[in-house]
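Q: Below is the structure I would like to discuss, written out as structure tokens.
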Amino acid sequence: MIELASYLRGSWVSGQGAGSRLFDPVTGEAIAVARSEGLDLAGALAYLRDVGGPALRALDFEARGNLLASISKAIHAIRDELLDLSIRNTGVTRGDAKFDVDGGTATLSAYANLAKSLGKRRYFVDAPGIPLGRSPRFHGVHIKSPLRGAAVHINAFNFPIWGFAEKLACAFLAGMPVLSKPATSTALPTFRAMQAVVQNAGLPDGVLALLSGGVGSLLDHLRSQDVIAFTGSAATGRRIRGHASVIAHGVRVNIEADSLNSAVLGPDVEVGSDTWALFLREVAREVTQKSGQKCTATRRVFVPAERIEEVVEGLKDRLAEFPPGRPEDPGVRMGALATPSQFPDVLQGLKTLAESCRVAIGQVPEAVPAHGVFAPVVFVCQDPRAVRVVHDLEVFGPATTLCAYDGRASEAAALVAMGDGSLVASIYSDDLGFVGDLTLEIAPWHGRVLLGSAKIAEYSTGPGLVLPELAHGGPGRAGGGLELGGVRGLDLYLQTTAIQGSRPVLERILDFQAGN
Ligand code: NAP
């Protein structure tokens, strides 16, 4: 069995005790073990702050970007091995494994490119600033400089490489060292990627650590200049926010939690049109990609009441293109759920939805299916105002619910808002009035809104693909966080400070020229 060591204070170390086992979800075979008990986590954080932080802050943005490019290259160099490990440890198809692995390296590369535009500076200055008094000499300016602590990244099980990479990209570029803690159940690909990064990326000492296994006492050792970026369930997010050290030291926390994302079909969209085809393609992809285990997957699809049966028929055809099965079997396009511990949760979730909604496509299995392979289930809810569970229960598997509405933008907006804040919504319509009204109504409830129309039908990457250029995160239930979004993603790791004084002094000591 593979022993997943942790990389702390520049060395590979293993904890004690029985640890936690990792399984192949398809065969049930135990494939690895991760032990974090007894590891010196306080020392690991101190090493990041004392050794890694100064090393990163000494580099300008361009040089930090070069590190990101090296990390991306080191991970890409073992791409095939990572795809195999992902299939084995997370039950995904090869295509879905690529979505995670290539998404991770592409995000690192995107931030490496962004770094070039930030140039030779080491922090941001909002030049030229603001004259403050009667004399133009008294001046104020804002700077954003990296916090002096460690960035702790706690990730969910569904994206072992992308989650590791996207958070790392923003923290490193901002100038903060990182301790990354992948979800234990799917940590094997992350562990292997980290080995490659340590060996081949040429990182300065102390800038990166990996914790394999449970979080243990890690949060107890956090201090005011540290940051937590968390992705996972809302329940764990609440536990982290309420942790005594986090509260006592005012530790900055970013939470990416679960979300009942929506798609809305406009009443103008005709069967057979480009927008109709786009709508069906994207809904089917969101149900099946990674077996629906994406935080951005579409859980609620709002359809004008009289169009529900047309959508059911259209979706049946599209979903037939994704035969589920064991990921390595030929022809399979949708794999298993990632962890055996999820199987009963998903089964229970499907049963709960079936109590209030009609099953229109597929069926709710009586028991956990063989190899953890759940076939897609599409529910229909005729009265989503009355059926609260549709807006509350995230079934983290290949399922979605078609919810009837009356075709008005205002009604669609009210129903979408019942999700209490989501990562993403998509609107499929070519009626500018409908799209305009709905977009502005639902924007405050979302981190991202995708407008699907005939004009972009052939280019759309769909709501489920998180792009490094655009913000990722959502209000309310989605956690209230923000990651990525180009340079915006660095803000979590930077302190904004207003500096006021003599303008010539500011110009001398800060990295800006008057009038820039
Ligand atoms: P989870 O059970 O909340 O675990 C997430 C991470 O938190 C894991 O690394 C876990 O470590 C760690 N953790 C557990 N207890 C902790 C504690 N007391 N203090 C600190 N960390 C702790 O979530 P999951 O089951 O892995 O992920 C599924 C959920 O994540 C879904 O609800 C999904 O919607 C959400 N998600 C959101 C996004 C997004 O970007 N918004 C992306 C992906 C997934 P162990 O594994 O060692 O227990």
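Read-outs throughout are calculated quantities, based only on the coordinates presented, and are distinct from any laboratory measurement. Keep in mind the model is a prediction, meaning the values are calculated, not measured. Ideal geometry is used to build each Cβ from the backbone, glycine not excepted, and the neighbour counts take in all protein chains shown.
Q: Return one quarter of the surface area of the convex hull spanned by the alpha-carbon atoms of the stretch 299-341, equal to its mean projected area, in nm².
A: 4.3 nm²
Q: Given the stretch 269-367, report the % of alpha carbon pairs whose separation exceeds 19 Å.
A: For the stretch 269-367, the share of Cα pairs beyond 19 Å comes to 49 percent.
Q: Using only alpha carbon pairs under 8 Å that are at least six residues apart, calculate the relative contact order of the chain and give it in whole percent.
A: It rounds to 18 percent for the chain.
Q: Check which residues have an amide H placed less than 5 Å from Tyr405's amide H, if you skip close sequence neighbours.
A: Amide H to amide H, under 5 Å and 5 or more residues apart or across chains, Tyr405 pairs with Val303, Ala305.
Q: Moving on. On the Cα set of the stretch 452-516, report Rg and Dmax in Å, please.
A: 19.3, 56
Q: With the Cα gyration tensor of the stretch 266-325 in hand, give its eigenvalues times 5 under a square root as the equivalent ellipsoid semi-axes, listed largest first in whole angstrom.
A: Working through the eigenvalues yields semi-axes of 21, 13, 10 Å.
Q: Give me a comma-separated list of calculated 3J(HN,Hα) values for the stretch 202-209, in order, Karplus coefficients 6.51, -1.76, 1.60 applied at θ = phi - 60°, integers in Hz, x for any Gly or Pro.
A: Karplus values, whole Hz, x for Gly and Pro: x, 6, x, 4, x, 8, 9, 9.
Q: Using only the Cα atoms, what convex hull volume per residue in Å³ does the stretch 261-466 have?
A: Expressed per residue, the convex hull around the Cα atoms of the stretch 261-466 is 109 Å³.
Q: Another question about this same structure. Cross-chain or 8 or more residues apart, Cα under 24 Å: how many lysine pairs in the chain fit that? Count them up, please.
A: Summing the qualifying lysine pairs gives 24.
Q: Quick one: Kirkwood hydrodynamic radius for the stretch 154-233, alpha-carbon pairs, angstrom, one decimal?
A: It is 13.1 Å.
Q: Going 7 Å from the Cα of Arg241 toward and past its Cβ, which residues in the stretch 435-469 have a backbone nitrogen under 20 Å from where you end up?
A: 444-448
Q: Nothing charged except the Cβ atoms of Lys and Arg (+1) and of Asp and Glu (-1): what's the magnitude of the dipole of the stretch 261-466 about its Cα centre? Round to the nearest 20 debye.
A: Charge dipole, the stretch 261-466, about its Cα centre: 600 debye, nearest 20.
Q: Moving on. May I ask for the Kirkwood hydrodynamic radius of the stretch 26-119, worked out over all distinct Cα pairs and given in angstroms to one decimal?
A: So the Kirkwood estimate lands at 16.0 Å.
Q: Are there GluC sites (Glu not before Pro) in the stretch 29-110 that DSSP marks as loop and that have at most 16 other Cβ atoms within 10 Å, and which are they?
A: Those satisfying the criteria are Glu29.
Q: With +1 on each Lys and Arg Cβ and -1 on each Asp and Glu Cβ, and nothing else charged, work out how big the dipole of the chain is about its Cα centre, in Debye to the nearest 20.
A: Using Cβ point charges on Lys, Arg, Asp and Glu, the chain gives about 2080 debye.
Q: Using the Cα centre of the chain as origin and beta-carbon charges of +1 (Lys, Arg) and -1 (Asp, Glu), tell me which of Ser356, Val51, Val246 is placed farthest towards the positive end of the dipole.
A: It is Val51.
Q: While we're on this one: Provide the FRET efficiency to the nearest 0.05 for the Glu29-Ser502 pair, computing r from the beta carbons and using R0 = 60 Å.
A: 0.30
Q: Kirkwood Rh and Cα-based Rg: tell me the resulting Rg over Rh for the stretch 329-382, rounded to two decimals.
A: A ratio of 0.99.
Q: What is the list of residues in the stretch 200-234 whose amide nitrogen lies under 20 Å from a point 7 angstrom out from the Cα of Asp40, following Cα to Cβ?
A: 205-223
Q: Inverting the mean 1/r over all pairs of different Cα atoms, compute the Kirkwood radius of the stretch 47-170 and quote it in Å.
A: It is 16.9 Å.
Q: Tell me which of Gly38, Ala165, Phe379 sits at the most positive position along the dipole axis of the chain, charges placed on C-beta atoms (Lys, Arg +1; Asp, Glu -1).
A: Going by the charge dipole, the pick is Gly38.
Q: Another question, then. Sticking with the crude label model, points 7 Å out along Cα→Cβ, report the distance from Arg385 to Asn66 in nm, one decimal please.
A: 6.3 nm
Q: A further question on this structure: Please report, to two decimal places, log10 I(q)/I(0) for the chain at q = 0.08 Å⁻¹ as given by the Debye formula with identical point scatterers on the Cα atoms and no solvent.
A: -0.52
Q: Based on alpha-carbon centroids, what's the gap between the stretch 451-480 and the stretch 382-423 in Å, whole number please?
A: Measuring centre to centre over Cα atoms gives 18 Å.
Q: Once you place label points 7 Å from the Cα toward the Cβ at Asp126 and Glu81, how far apart are they in nm?
A: That separation, rounded to one decimal, is 4.7 nm.
Q: Looking at Val487, His142, Gly91, which one has the Cα that reaches farthest to the positive end of the dipole of the chain (charges on Cβ: Lys, Arg +1; Asp, Glu -1)?
A: His142
Q: Give me the distance in nm between label points sitting 7 Å out from Cα along the Cα-to-Cβ direction at Arg134 and Leu510, one decimal.
A: It is 2.4 nm.
Q: Pull out the extension gain between Glu310 and Asp437, defined as 0.36 nm times the separation in residues minus the alpha carbon to alpha carbon distance; nm, one decimal.
A: 43.2 nm
Q: Turning to a different aspect of this structure: Tell me which residues come under 5 Å, amide H to amide H, from Val377 once H is placed; ignore anything under 5 positions away on its chain.
A: Amide H to amide H, under 5 Å and 5 or more residues apart or across chains, Val377 pairs with Ala399, Thr400.
Q: Compute the semi-axes of the equivalent ellipsoid of the stretch 130-199, taking the square root of 5 times each eigenvalue of the Cα gyration tensor, and list them largest first in whole Å.
A: Value: 40, 11, 9 Å, ordered largest first.
Q: Also: Out of all DSSP beta bridges in the chain, what portion is antiparallel? Express it as a percent rounded to 5.
A: Taking every DSSP beta bridge with both residues in the chain, the antiparallel ones total about 40 percent.
Q: Per residue of the stretch 350-355, in order, report the coupling 6.51 cos²θ - 1.76 cosθ + 1.60 (Karplus, θ = phi - 60°) as ³J(HN,Hα) in whole Hz, putting x for Gly and Pro.
A: Per residue, the Karplus-derived 3J(HN,Hα) values read 4, 5, 5, 4, 5, 6 Hz.
Q: How large is ³J(HN,Hα), in whole Hz, for each residue of the stretch 383-391 in order, when computed from phi with the Karplus curve 6.51 cos²θ - 1.76 cosθ + 1.60 and θ = phi - 60°, using x for Gly and Pro?
A: Coupling constants for the stretch 383-391: 9, x, 5, 8, 9, 4, 4, 4, 8 Hz.
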